[in-house]
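Engineer: To start, I am sharing the structure in question, which I have written as structure tokens.
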């Protein structure tokens, strides 16, 4: 089978190297896009005409800037309305045509922690160096201490990606391992498989590294009860 096919694209820039016109065609599809900018190089309009039944629809977007605290951050693009926090991070996007909502939550270092599309939640976790090590969008998210689950959150689907190190990334059904010489990646290998970490309270489950997580759970519970007794607080939810 032949990948792709013949296509052509033309781009036009203004004196400040801003893209003001683009056009192209491939097979039976074609498009034409025109943009205009303000004095601070903020986009003012974007008009795209698409001649195809299989690609994105044509649109005519006008940009509005009505937040005095963030004068170059758009408050409206077409049907989308934007709200920002004090640092300029977008926190809410609503669409007055489709009645959809996107919420975003950021940490103190302006890193995206949670993205919620109409209640469908994606979470992002970072290490001490600021590198993203996990993103999840699925049926369950958990907090583990020494391999034992301490808190579980359930969602409706099952989709996650882990980045435990630069040499490997893992999702639900497969992994990608990367090979480096120095800081240059020279190859990547894709593998398949399922992550399985069975745990239980009956002491019969032993997982990776010959660590008995069921026993760890029992130890943690014992430590909790000892702590409650020491501080004079009854165990359980108040």
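The values are calculated or read from the model by the stated rules, or taken from the named source; none is laboratory data. Computed from a prediction, not measured in an experiment: that's the story for all the values here. Cβ sites come from the backbone with ideal geometry, for glycine too, and all protein chains shown count toward neighbours.
Engineer: Considering each residue of the stretch 9-37, count those that are touching a residue at least 24 places away in the same chain (Cβ under 8 Å) and over 20 Å from residue 57 (Cα atoms), and give that number.
Structural biologist: Selection size over the stretch 9-37: 1.
Engineer: Modelled with pLDDT under 90 and either over 19 Å from residue 60 (Cβ atoms) or in contact with a strand residue (DSSP E or B) (Cβ under 7 Å, 6 or more places away or on another chain) (or both), is that true of residue 6?
Structural biologist: When the stated conditions are applied, residue 6 passes them.
Engineer: Limited to the stretch 176-190, what total is found for residues that are over 15 Å from residue 135 (Cβ atoms) and touching a strand residue (DSSP E or B) at 6+ places or on another chain (Cβ under 6 Å)?
Structural biologist: Summing the residues that are over 15 Å from residue 135 (Cβ atoms) and touching a strand residue (DSSP E or B) at 6+ places or on another chain (Cβ under 6 Å) in the stretch 176-190 gives 9.
Engineer: Of all residues in the stretch 1-18, how many are in a loop (DSSP other than H, G, I, E, B) and either surrounded by 10 or more Cβ atoms within 10 Å (Cβ to Cβ) or in contact with a helix residue (DSSP H, G or I) (Cβ under 6 Å, 6 or more places away or on another chain) (or both)?
Structural biologist: Looking only at that region, the number is 2.
Engineer: Still on this model: So which strands (runs of 3 or more DSSP E) stay within the stretch 71-111 end to end and still have 3 or more residues that are modelled with pLDDT of 95 or more and either in contact with a helix residue (DSSP H, G or I) (Cβ under 8 Å, 6 or more places away or on another chain) or under 24 Å from residue 39 (Cα atoms) (or both)?
Structural biologist: Ranges flagged: 80-84.
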